[in-house]
Amino acid sequence: MAREIERKFLVASEGWRSAVVSRVDLRDGIIAFRDGRKVRLRFYGDNHATLAVKGPRTGMSRDEFEYPIPLEDGRALLTLHCDGPPICKTRHHVEHEGQPWTVDEYHGALEGTLIAEIELTSEETDFARPAWLGAEVTYDRNYRQSALLRRHRMVLADSA
């Protein structure tokens, strides 16, 4: 069974930008969300799309199953089955002391939001904390994708 173990942090400074090794533009749509479970659609640029099923969190871990789907199917799911506009962000892949990090830089209604993540092999895995890392938000529900999506919708509604 696939298991996602990650820690999330706010970003305290711009120091991470000099360590970026690659980046990709992402668009996420939520198809379903209930009791901590979610079905997410994701586009990686214009190259490919995936469908992910994620279980509820237990600590910093959760079940995660992600599968590639045809772009045409992804476009149909986004149009017909996702609630609200997609969340757009640039995912920056960053190396720090030999460990891969991602920094998600949100666009649109969430412009200015930066979230750093590191995926771990176990909840006990040690890692080096970069100087640009801010407060940990792993357990803060306000920084989960579903909460960011709700915030995104509220900002769009207020601007209409």
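Worth a mention:
- Listed by first and then second residue, the pairs with beta-carbon distance under 7 Å, at least 6 apart or on different chains, first residue in region 47-74 and on the phi < 0 side of the Ramachandran plot, second among the acidic types (Asp, Glu) and not in a strand (DSSP E or B), are Pro56/Asp35; Met60/Glu123; Ser61/Glu123.
- Residues satisfying the stated conditions in region 74-90, i.e. of a type outside the set (D, E, K, R), surrounded by fewer than 14 Cβ atoms within 10 Å (Cβ to Cβ) and either within 17 Å of Glu111 (Cβ to Cβ) or in contact with a strand residue (DSSP E or B) (Cβ under 9 Å, 6 or more places away or on another chain) (or both): His81, Gly84
- Number of the condition not met by Glu97 [criteria: (1) touching a Cys at 6+ places or on another chain (Cβ under 7 Å); (2) closer than 20 Å to Ala131 by Cβ]: (1)
- Exactly one residue among Cys88, Cys82 is over 27 Å from Trp16 (Cα atoms), at pLDDT below 95 and not hydroxyl-bearing (Ser, Thr, Tyr), and that residue is Cys82.
- Residue in region 119-140 that is out of contact with any Cys (no Cβ under 7 Å at 6 or more places or on another chain), modelled with pLDDT under 95, of a type outside the set (Val, Ile, Thr) and in a helix (DSSP H, G or I) present: no
- Scan region 41-74 for residues that are of a type in the set (Lys, Arg) and either within 14 Å of Ala2 (Cβ to Cβ) or more than 15 Å from the chain's Cα centre (by Cα) (or both) and the total you get is 2.
- The residue pairs whose first member lies in region 108-121 and is closer than 15 Å to Trp16 by Cα, whose second member is aromatic (Phe, Trp, Tyr) and surrounded by fewer than 16 Cβ atoms within 10 Å (Cβ to Cβ), and whose beta carbons are closer than 8 Å, counting only pairs six or more residues apart or on different chains, are Ile118/Phe127.
- Residue check: Trp101 meets all listed conditions (1) crowded, with 18+ Cβ neighbours inside 10 Å; (2) at pLDDT 95 or above; (3) in contact with a Lys or Arg (Cβ under 9 Å, 6 or more places away or on another chain); (4) closer than 22 Å to Tyr44 by Cβ but one, namely (3).
The values are calculated or read from the model by the stated rules, or taken from the named source; none is laboratory data. These numbers come from a predicted model, not from an experiment. Note that each Cβ is placed from the backbone with ideal geometry, even for glycine, and that neighbours are counted across all protein chains shown.
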